[in-house]
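These notes are about the structure you will find just below.
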Amino acid sequence: MTSTLPAPLFGIYVHWPFCRSKCPYCDFNSHVRDAVDQRRWRNALQAELWHYATQTPGRAVTSIFFGGGTPSLMPPETVAAVIESIRNLWPVSPDVEITLEANPTSVEAARFEALRAAGVNRVSLGVQAFDAQALRFLGREHDVGDALAALALARDIFPRHSFDLIYARPGQTVDAWRAELDQALGFVGDHLSVYQLTIERGTRFWQDHARGLFTLPDEDTQAALFEATQARLADSYLPAYEISNHARTGGACRHNLAYWRYEDYVGIGPGAHGRVPSPGDGDASARKRATRQATGPEAWLEQVEAHGHATAEDTIVQGADLVAEALMMGLRLTDGIDRTVFRRVTGVDPVAACDADALHRLVDGGFLAISAQTLRATARGRQVLNAVLARLLDAVRTSSRG
């Protein structure tokens, strides 16, 4: 029996950089502003779409993702205008996935019906916790009641919905986390994202943690929390399909699958990244262009109005760098890397691209598994994936020199 090759994915990522307040754990490109000129921003987003449409002609859009920041603060008419522009500039798959991130405040939930009418068919809610003290610690503007009300509304309005939770919080026990997961399961649709709290440089938590204002659970507790998460969600037919993402059959986020499979996607808006086909001679599948837009909202807006786009970086990724990026993304998936898809997007086989001795040491250690169709990290390997990737990427570089 032969497996069916997944169809190519092509996504559009739209970054809305504004929030009502900055969460203390967040290191994303998000900013608080008293006022936003919606007309200028709408026009600028449409201009960047046009710029990248001219470089990706004929590609069929399979997903659109509004991220941030807090894109649910976008006026629904702006969301509708962006979606309409995408439909006018590219062919769009009949079952296109259109996701918008939202916070579960009452103000943002009140926009759900208008956002659905604008074309959004999947909403991702930043719930983060079902514990009042934890929500205050995380700097969230909503309370547990807001979260429950927003989830119920999302379930009624959108064909699909997901939400995020953060675990390994200060003082959190495995029993308390299991109870919180049980509460969450009463509101899950086809997808749930569960992230371990990490302390990122440049955030308020980085400063507070360095000053000893709070401590995280020790490594043994973190591991126990991770294992409890995997077991409870798998038992509820929500197995992990990626390190932090769980879904029912068919419920995986198609847009993020484009990232993890190292497919092509356009990124517009401040700080947005993209991976698009590389023009020029030769086999275009063997290299990509890595793009990044100007980060600051005001600088981005001014550059788009002056030049039609605000691309700050546009570099060619090829050879060992291309293979390394594709490995870093693909091994996050529970099913691992489809070797045929990998060859389609990089031009080489992932196993053949690595130094054989180094690769097989990881296999013999129980961290990686190789089959005729896949290269994947084992459950053991995913728990220490950063270390596995460091060794594997050394194997790629060694192989490329050889």
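The values are calculated or read from the model by the stated rules, or taken from the named source; none is laboratory data. As the structure is a computational prediction, the values presented were derived from the model and not from experiment. Virtual Cβ from ideal backbone geometry, glycine too; neighbours counted across all protein chains shown. For the accessible areas, the whole protein counts, side chains as well, though only heavy atoms, and no ligand, DNA or RNA atoms are used. Shrake-Rupley method; radii C 1.70, N 1.55, O 1.52, S 1.80 Å.
Looking only at segment 119-146, filter to residues that are over 21 Å from the mean Cα position of the chain (by Cα) and in contact (Cβ under 8 Å) with a residue 24 or more places away in the chain; which one of those is most open to solvent (accessible area, probe 1.4 Å)? Write out each step before concluding.
Residues of segment 119-146 that are over 21 Å from the mean Cα position of the chain (by Cα), as a first pass: 130-137, 139, 141-146.
Remaining after also requiring in contact (Cβ under 8 Å) with a residue 24 or more places away in the chain: 130-131, 134, 137, 139, 141-142, 146.
Working: F130: 17, D131: 63, A134: 9, F137: 56, G139: 28, E141: 103, H142: 10, D146: 48 Å².
Result: E141.
Suppose we filter segment 173-198 for residues that are outside any helix (DSSP H, G or I) and farther than 24 Å from R332 by Cβ; how many remain? It would help to see each step written out before you state the result.
Let us first name the residues in segment 173-198 that are outside any helix (DSSP H, G or I), namely 173, 186-198.
Next, from what is left, pick out any that are farther than 24 Å from R332 by Cβ: 173, 186-187.
Final tally of qualifying residues: 3.
For every residue, the table says whether it meets (1) assigned to a strand (DSSP E or B); (2) on the phi < 0 side of the Ramachandran plot.
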| position | (1), (2) |
| --- | --- |
| R232 | no, yes |
| Y237 | no, no |
| L257 | no, yes |
| G274 | yes, yes |
| T295 | no, yes |
| E298 | no, yes |
| A306 | no, yes |
| H309 | no, yes |
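Being of a type in the set (D, E) and either within 28 Å of Q303 (Cβ to Cβ) or more than 20 Å from the chain's Cα centre (by Cα) (or both) narrows it down to one of E77, E97, so name that one.
Working: E97 fails: either within 28 Å of Q303 (Cβ to Cβ) or more than 20 Å from the chain's Cα centre (by Cα) (or both).
Unique residue meeting the criteria: E77.
Does segment 251-278 hold any residues that are hydroxyl-bearing (S, T, Y) and either free of Cβ contacts under 8 Å to residues at least 60 places away in the same chain or open to solvent by 20 Å² or more (accessible area, probe 1.4 Å) (or both), and which are they?
Taking segment 251-278 as the starting set, the residues that turn out to be hydroxyl-bearing (S, T, Y) are 259, 262, 265, 278.
Answer for segment 251-278, where residues must be hydroxyl-bearing (S, T, Y) and either free of Cβ contacts under 8 Å to residues at least 60 places away in the same chain or open to solvent by 20 Å² or more (accessible area, probe 1.4 Å) (or both): Y259, Y265, S278.
Restricting the search to segment 200-230, which residues are among the polar types (S, T, N, Q), open to solvent by less than 70 Å² (accessible area, probe 1.4 Å) and not in a helix (DSSP H, G or I)?
Residues of segment 200-230 that are among the polar types (S, T, N, Q), as a first pass: 203, 207, 215, 221-222, 229-230.
With open to solvent by less than 70 Å² (accessible area, probe 1.4 Å) added as a condition, the list becomes 203, 221-222, 229-230.
Of everything in segment 200-230, just one residue is among the polar types (S, T, N, Q), open to solvent by less than 70 Å² (accessible area, probe 1.4 Å) and not in a helix (DSSP H, G or I), namely T203.
Could you tell me which numbered condition D335 fails, if it satisfies all but one of (1) under 23 Å from the mean Cα position of the chain (by Cα); (2) not in a loop (DSSP other than H, G, I, E, B); (3) not hydrophobic (A, V, I, L, M, F, W, C)?
That leaves (2) as the condition not met.
Find the residue count for segment 147-162, including only residues that are open to solvent by 50 Å² or more (accessible area, probe 1.4 Å) and assigned to a helix (DSSP H, G or I).
4
Determine, yes or no, whether R116 is among the basic types (K, R), open to solvent by less than 30 Å² (accessible area, probe 1.4 Å) and at negative phi.
Working: among the basic types (K, R): yes; open to solvent by less than 30 Å² (accessible area, probe 1.4 Å): no; at negative phi: yes.
No, not satisfied.
Which residues, taken from segment 100-113, are open to solvent by less than 10 Å² (accessible area, probe 1.4 Å) and outside any helix (DSSP H, G or I)?
Answer for segment 100-113, where residues must be open to solvent by less than 10 Å² (accessible area, probe 1.4 Å) and outside any helix (DSSP H, G or I): L100, A102, P104.
Of all residues in segment 169-194, which are crowded, with 19+ Cβ neighbours inside 10 Å and farther than 20 Å from P239 by Cβ?
R169, Q172
Inspect all residues belonging to segment 88-99 and state whether any of them is among the small types (G, A, S) and either buried (at least 20 other Cβ atoms within 10 Å of the Cβ) or free of Cβ contacts under 8 Å to residues at least 24 places away in the same chain (or both).
Of all residues in segment 88-99, those among the small types (G, A, S) come to 93.
Filter once more, so that each one left must be either buried (at least 20 other Cβ atoms within 10 Å of the Cβ) or free of Cβ contacts under 8 Å to residues at least 24 places away in the same chain (or both): none.
No, that holds for no residue.
Is it the case that segment 377-389 has a residue that's part of a helix (DSSP H, G or I), open to solvent by 40 Å² or more (accessible area, probe 1.4 Å), in contact (Cβ under 8 Å) with a residue 40 or more places away in the chain and more than 18 Å from W260 (Cα to Cα)?
Checked against the condition, which is being part of a helix (DSSP H, G or I), open to solvent by 40 Å² or more (accessible area, probe 1.4 Å), in contact (Cβ under 8 Å) with a residue 40 or more places away in the chain and more than 18 Å from W260 (Cα to Cα), segment 377-389 yields no hits at all.
Just need a number here: residues in segment 34-82 that are open to solvent by 20 Å² or more (accessible area, probe 1.4 Å), part of a helix (DSSP H, G or I), among the small types (G, A, S) and more than 27 Å from S21 (Cα to Cα).
The number of residues fulfilling the criteria is 1.
Name the residues in segment 306-332 that are without any contact (Cβ under 8 Å) to a residue 12 or more places away in the chain and more than 20 Å from H15 (Cβ to Cβ), would you?
So in segment 306-332, the residues without any contact (Cβ under 8 Å) to a residue 12 or more places away in the chain come out as 306-307, 321.
D321 - this is the single residue of segment 306-332 that is without any contact (Cβ under 8 Å) to a residue 12 or more places away in the chain and more than 20 Å from H15 (Cβ to Cβ).
How many residues does segment 297-307 hold that are surrounded by fewer than 16 Cβ atoms within 10 Å (Cβ to Cβ) and either more than 22 Å from V36 (Cα to Cα) or not aliphatic (A, V, I, L, M) (or both)?
From segment 297-307, those surrounded by fewer than 16 Cβ atoms within 10 Å (Cβ to Cβ) are 298-299, 302, 305-307; that's our starting set.
Now restrict to residues that are either more than 22 Å from V36 (Cα to Cα) or not aliphatic (A, V, I, L, M) (or both): 298, 302, 305, 307.
The total comes to 4.
Being among the β-branched types (V, I, T) and either open to solvent by 50 Å² or more (accessible area, probe 1.4 Å) or in contact with a Leu (Cβ under 8 Å, 6 or more places away or on another chain) (or both) is the filter here; which residues of segment 308-365 pass it?
Keep residues of segment 308-365 that are among the β-branched types (V, I, T), which gives 311, 315-317, 323, 334, 337, 340-341, 345-346, 348, 351, 363.
Of everything in segment 308-365, those that are among the β-branched types (V, I, T) and either open to solvent by 50 Å² or more (accessible area, probe 1.4 Å) or in contact with a Leu (Cβ under 8 Å, 6 or more places away or on another chain) (or both) turn out to be T315, I316, I337, T340, V341, T346, V348, V351.
Could you run through segment 213-226 and say how many residues are without any contact (Cβ under 8 Å) to a residue 12 or more places away in the chain and out of contact with any helix residue (DSSP H, G or I) (no Cβ under 9 Å at 6 or more places or on another chain)? Walk me through it before giving the result.
As a first pass, look at segment 213-226 and keep what is without any contact (Cβ under 8 Å) to a residue 12 or more places away in the chain: 213, 218-220.
Imposing the further condition that a residue be out of contact with any helix residue (DSSP H, G or I) (no Cβ under 9 Å at 6 or more places or on another chain) reduces the set to 218-220.
So the count comes out to 3.
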